[in-house]
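One structure is given here, and the rest of the page talks about it.
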Amino acid sequence: MMTPEEALRRFWGYESFKPLQREAAQAALEGRDSLVVLPTGGGKSLCYQLPAAMGRGLALVVSPLIALMDDQVASAREAGLAADALHSNLDAARRLEAYRRLSRGETAILYVSPERLLMEGLLEDVAARLVLIAVDEAHCVSQWGHEFRTEYRRLSEVLERAPKAARMALTATATPEVQEDICSQLRLRSPRRLVGHPDRPNLVYRAFPRRDQLVQILEVARRNPGSGGIVYAQTRKDVERIAAGLKRAGVSCAPYHAGLPAEDRRRAQDDFVNERLDVAVATIAFGMGIDRPDVRYVVHANTPRSVEHYQQESGRAGRDGGSAECVLLFAASDLAAHRALALKDGPLAPERRQALERQLREIGRYAVSPVCRHRLLAEHFGAAYQGDTLQQGVPGCGACDICLGETKSLPSEEALLTAKKILSAAWRTGGRFGAGYVVNLLMGKAEERMKRHGHDALQVFGLLKEAGEPAVRSWTDQLIVQGFLEVAEEGDYPLLRITGAGQALCRDEGTVRLGVPAPQAPRARKKSKVLERGGSPGPALDEELFERLRLLRRRIAEKLGVPPYVVFHDSALAEMAALKPGTPEALRQVKGVGDRKIERYGADFLEVITGKR
Ligand code: ADP
Ligand code: MG
Ligand code: ZN
């Protein structure tokens, strides 16, 4: 009988498990239910693929991401597993094939959409061989999560029909509340709770006040020339505008949103996954169906709806473990837009409304608090974080704008004084004007209306002129997010008002923190980031060989009709280009090169490495 370690080496070519993978697989092998919470890139697939690889019976994987299923099946088959999928996009011939293999008992792992599983009969046919039912993206089952799906609610009925199979619920983003909900909704039976640390140390987080959207996005793209990136924007119009701007600046990119013809969307997604396109500019509809591992940056041109959304969307960067950056461009008006959208069909039930307000407050706080962003994210998901306390003797995580010193906070007395100036401007104008008006007042920019109201004679007029408009705008947003100011919708105009907490602050009750982004852009980084991780010195990467290996990989992938990463990851190619193995045995030592890959591609890659091709 094969051990889990042997299976890991033979099928995937990895020497060791990532955190909690072994425990998860073990639970399944023992027939126990489990809840697995691991960040994106944490290796969740292996948790349910391993028992299947060990030949213990059939594993069923429920996933809502139909677009991703074919790639997942391709990846599993490349590792040497008998994998199949059943979903609504399958043509009749392929569906028949899948059913045939299933009825012959050949299938080791079957990916199904929830709709398929809910259909009569499927489970009854396979129940006898079924050892594991894995529910991927399990947060979809929870109303408190950020992606509730009604079909997921009905899964428990189906699970009850296969009482002998172990259940495994997997997700990347779940607050403790959502974890509880998953366990009870899927009726997990005394599950092993395997909750990994949510931090993604290879991601550099940055959050800046939005000034000039396109310029700020271009800065990120220019820091990462020729790399894969995703830019998220809120509306279709924004997507079109940003994509056009990036294209004009010479960035290889395409727009992606629900308003485009299906054919264009499919092509954009395809080109992106197959590395014919560097950047996708998209509404959040994009990304649910892509697993490209070498995305080097994710920029949010607008503030996302919640920290959970942010974690998931930004998490699409750096799945391969290499360094990558996540940049959020914040404006308080984005939060108002989210609120308006959520309420456009009428008021929400009180607890939904409360949840909405809490989510908006939390993402706002993330964006403007001058506190280590790794820490804020980890704590949001209920985990302790110590990474920012000491890095080689220097405080700071070394991987966020705060700890890198790109955003500084005002000394506390100066912060209080500045806050009071802004609050008093909102107070003096009686809460009857918008944020823009109040900022202009503080900047000493007298508009017609201001003169009419005599506001240009107020003491606060021009009081923050020296600080510059971007800073004053950002501070106003920061005060909104910290609850000292509020934006009240009255008629068509959002009005800026001081809150009770704001009035208290003016009496020196309470504390406030204000951040100021440094004017200079972060320095550009070198290109082959894939090698930056881990810090193991080792031989240098032969860039030229690396490019030739990528070319070979792309040719093979095109012939097979699979994304390049399914053949080998960048990290495997980088290791080949550094170590230059000359024999199949040596090539086998490279991480991510398993038995089946040696068999299929070993000779081709060795020829390129040894220069015979
Ligand atoms: P998740 O679903 O948690 O986001 P995946 O299952 O897609 O993560 O795995 C992320 C990446 O990590 C994949 O490219 C996979 O090949 C790699 N990986 C998984 N397990 C290991 C391991 N034990 N050692 C090295 N790499 C691994
Ligand atoms: Mg996954
Ligand atoms: Zn930090």
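The values are calculated or read from the model by the stated rules, or taken from the named source; none is laboratory data. On a predicted model such as this, the values are computed, not experimentally measured, just so you know. Cβ: placed from backbone, ideal geometry, glycine included. Neighbour counts: every protein chain shown.
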message: I'd like the full set of residues that are of a type in the set (D, E, K, R) and under 21 Å from THR407 (Cα atoms), limited to segment 354-368.
response: ARG361, GLU362, ARG365
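Residues to consider are GLN269, GLN234; find the one that is touching a residue at least 60 places away in the same chain (Cβ under 8 Å) and in a helix (DSSP H, G or I).
Result: GLN269 is the single residue among GLN269, GLN234 that is touching a residue at least 60 places away in the same chain (Cβ under 8 Å) and in a helix (DSSP H, G or I).
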message: Out of everything in segment 2-22 that is part of a loop (DSSP other than H, G, I, E, B) and free of Cβ contacts under 8 Å to residues at least 40 places away in the same chain, what residue ends up being farthest from ligand 2 (Cβ to nearest atom)?
response: THR3
- request: Identify the single condition in (1) in contact with a helix residue (DSSP H, G or I) (Cβ under 9 Å, 6 or more places away or on another chain); (2) outside any helix (DSSP H, G or I); (3) polar (S, T, N, Q) that SER190 does not satisfy, given that it satisfies every other one.
  value: (1)
query: Is there a residue in segment 11-23 that is in contact with a Phe, Trp or Tyr (Cβ under 6 Å, 6 or more places away or on another chain) and crowded, with 22+ Cβ neighbours inside 10 Å?
result: no
- request: May I ask you to verify whether LEU58 is within 16 Å of ligand 1 (Cβ to nearest atom) and either touching a Phe, Trp or Tyr at 6+ places or on another chain (Cβ under 9 Å) or modelled with pLDDT of 90 or more (or both)?
  value: no
- line: ALA28: passes all of (1) buried (at least 18 other Cβ atoms within 10 Å of the Cβ); (2) under 25 Å from the mean Cα position of the chain (by Cα) but (2)
task: For segment 23-43, name all the residues that are under 23 Å from ASP595 (Cβ atoms) and within 9 Å of ligand 1 (Cβ to nearest atom).
output: GLY43
- request: Consider GLY80 carefully, then state whether it is touching a Pro at 6+ places or on another chain (Cβ under 9 Å), away from ligand 3 (no atom under 16 Å from the Cβ) and among the small types (Gly, Ala, Ser).
  value: no
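Inspect segment 23-42 for any residue being of a type in the set (A, V, I, L, M), at pLDDT below 90 and more than 16 Å from ligand 2 (Cβ to nearest atom) and give the result as yes or no.
So far as segment 23-42 goes, no, none of its residues is of a type in the set (A, V, I, L, M), at pLDDT below 90 and more than 16 Å from ligand 2 (Cβ to nearest atom).
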query: In segment 357-368, what residues are at pLDDT below 90 and among the aliphatic types (A, V, I, L, M)?
result: VAL368
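Only one residue in LEU214, LEU246 is in a helix (DSSP H, G or I), of a type in the set (A, V, I, L, M), surrounded by fewer than 17 Cβ atoms within 10 Å (Cβ to Cβ) and in the same structural domain as LEU335 (by TED's automatic domain parsing). Which one?
Answer to the check: LEU214.
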- request: Kindly indicate which of ALA446, ALA425, ALA415, ALA342 is touching a residue at least 60 places away in the same chain (Cβ under 8 Å) and either closer than 22 Å to GLU486 by Cβ or in contact with a His (Cβ under 9 Å, 6 or more places away or on another chain) (or both).
  value: ALA415
- prompt: Among the residues of segment 389-403, is there at least one that is buried (at least 21 other Cβ atoms within 10 Å of the Cβ), within 27 Å of ALA504 (Cβ to Cβ), more than 16 Å from ligand 1 (Cβ to nearest atom) and within 28 Å of the chain's Cα centre (by Cα)?
  reply: yes
- line: Note: among GLU180, GLU137, GLU160, just one is within 16 Å of ligand 1 (Cβ to nearest atom) and of a type in the set (Asp, Glu), namely GLU137
query: Could you list, in sequence order, the residues of segment 131-189 that are within 20 Å of LEU60 (Cβ to Cβ) and of a type in the set (Phe, Trp, Tyr)?
result: TYR152
query: Which of the following residues is of a type in the set (Lys, Arg) and within 15 Å of ligand 3 (Cβ to nearest atom): ARG358, ARG352, ARG375?
result: ARG375
- line: Flagged in segment 234-259 as more than 23 Å from LEU218 (Cβ to Cβ) and more than 20 Å from the chain's Cα centre (by Cα), in numbering order, are GLY259
query: Just one of the numbered conditions (1) β-branched (Val, Ile, Thr); (2) closer than 20 Å to GLY561 by Cβ; (3) at pLDDT 95 or above is not true of VAL73; which one?
result: (3)
- line: (1) assigned to a loop (DSSP other than H, G, I, E, B); (2) polar (S, T, N, Q); (3) surrounded by fewer than 19 Cβ atoms within 10 Å (Cβ to Cβ) all hold for THR303 apart from (3)
Looking only at segment 593-613, and only at residues there that are surrounded by fewer than 18 Cβ atoms within 10 Å (Cβ to Cβ) and assigned to a loop (DSSP other than H, G, I, E, B), the one that is modelled with the highest pLDDT: THR610
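This table checks each residue for (1) among the small types (Gly, Ala, Ser); (2) in contact (Cβ under 8 Å) with a residue 60 or more places away in the chain.
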position: ASP33; (1), (2): no, yes
position: VAL37; (1), (2): no, yes
position: THR40; (1), (2): no, yes
position: CYS47; (1), (2): no, yes
position: LEU50; (1), (2): no, no
position: ALA53; (1), (2): yes, no
position: LEU60; (1), (2): no, yes
position: VAL73; (1), (2): no, no
task: Would you check if TYR99 is of a type in the set (Phe, Trp, Tyr), touching a Cys at 6+ places or on another chain (Cβ under 6 Å) and either away from ligand 1 (no atom under 16 Å from the Cβ) or assigned by TED's automatic domain parsing to the domain that holds HIS569 (or both)?
output: no
